[in-house]
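**Q** Can you keep this structure in mind? I'll have questions shortly.
The values are calculated or read from the model by the stated rules, or taken from the named source; none is laboratory data. What you see is a predicted model, and the numbers here were worked out from it, not measured in a lab. When we count neighbours, we look across all protein chains shown, and the Cβ atoms used for this are built from the backbone with ideal geometry, even at glycine. Side chains included, ligands, DNA and RNA excluded: accessible areas come from the protein's heavy atoms. Shrake-Rupley method; radii C 1.70, N 1.55, O 1.52, S 1.80 Å.
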Amino acid sequence: MSWYSQLFLWGLATLGLATFLCILYESLKSPLQLLYNHWLERINKFVPLTERYGKWAAVTGSTDGIGKAYARELARIGFNVVLIARNEEKLKQTANKIENEFGVEVFTVKVDFSHGPKIYEKLFQELDKKPIRLMVNNVGIGHNPPGIISSFKADHLWDMIYVNIAAATQISRHFVDLWLRQKVSGCLVNVSSVLELQPCAYGSVYGASKAYLQSFTTALQHETAPFDIDVQLLSPGAVKTKINGYSSWVRKGNLWIPSTEEYAKQAVYTLGKSSTTTGYFWHGIHMTQHT
């Protein structure tokens with residue numbers, strides 16, 4: 001074999017190895033980041049989140065599921081929290097429990113995002129009463145149970161568009177504008193789903209709403225890059241929540257399907273560290289099957 005043939009084969013092998021390593025890193029990026037961040041935390045390389053983003057955080061959809069657990073975890077690490085949800089009784093109960101357990105201040109805002117554009121003027125008036133610099137857009141509704149699109153009423157699909165898409169869009173716009181005018185740092189977290197990665201048959205509108213959040217949030221990361229504003233795309237896999245209540249298997253949970261408390265503890269840990277993450281180590285491993 002001539003020297004140039006050997007050189008060509010060596011170059012081809014090197015290119016193949018480099019391509020493989022790049023694909024492997026992209027596939028394992030989320031769990032690798034979680035491990036790396038844990039190591040940095042152990043050697044005290046991170047500023048506490050309450051120093052970086054101030055003392056007030058807000059969470060939509062915060063009386064159930066991931067949102068409730070996320071708000072509790074933020075309170076546990078020292079944030080005062082604004083709970084945003086539509087059920088006033090649940091808001092009061094959740095607020096009382098958080099205040100009593102963690103000794104932080106809790107402010108509640110009752111709002112139903114399915115009512116569309118008319119709710120935002122009053123919502124922003126309420127949110128502006130607190131110096132919020134960490135905003136978690138978690139609220140969402142799903143197809144429960146899943147089905148072909150013709151099996152859902154038109155009103156349900158409009159609710160999903162208003163709740164899953166419009167809420168994160170309008171709240172993101174409000175806080176980016178506010179923080180830029182105030183010249184302060186801030187952090188937006190948009191909660192999507194691993195279903196953002198592929199079409200979701202029998203959950204077509206839900207899956208599409210998550211694909212929108214992925215595209216919107218990734219674009220927003222580029223728009224805010226010149227400023228001191230962090231934007232995170234949080235894409236969980238299956239978690240034991242009401243949105244998955246139609247599945248007895250999911251409700252049982254396992255290593256791949258954590259409780260909301262287990263999930264929130266790891267997800268909050270990624271704040272200020274990872275711009276795109278599943279938020280949970282085993283979801284990151286599982287996601288490699290879809291990339």
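**Q** Just to be sure I understand: of the beta bridges DSSP finds with both ends in the range 101-250, what percent are antiparallel, rounded to 5?
**A** 0 percent
**Q** Rounded, prolate or oblate: pick one for the range 48-143, where a ≥ b ≥ c are the square roots of the eigenvalues of its C-alpha gyration tensor, a/c under 1.5 means rounded, and failing that, prolate if a/b is larger than b/c, else oblate.
**A** Cα axes put the range 48-143 in the prolate bin.
**Q** Label the range 139-215 by shape, choosing from rounded, prolate and oblate, from the square roots a ≥ b ≥ c of the eigenvalues of the Cα gyration tensor; if a/c is under 1.5 it is rounded, and otherwise prolate applies when a/b is larger than b/c, oblate when it is not.
**A** Prolate, since a/c reaches 1.5 and a/b exceeds b/c.
**Q** Students often check this: by mean Cβ neighbours within 10 Å, which of 209-219, 113-123 ranks highest, and how do the rest follow?
**A** 209-219, 113-123
**Q** Enter the accessible area per residue of the range 53-106 (Å², integer; probe 1.4 Å; all protein chains in place).
**A** 40 Å²
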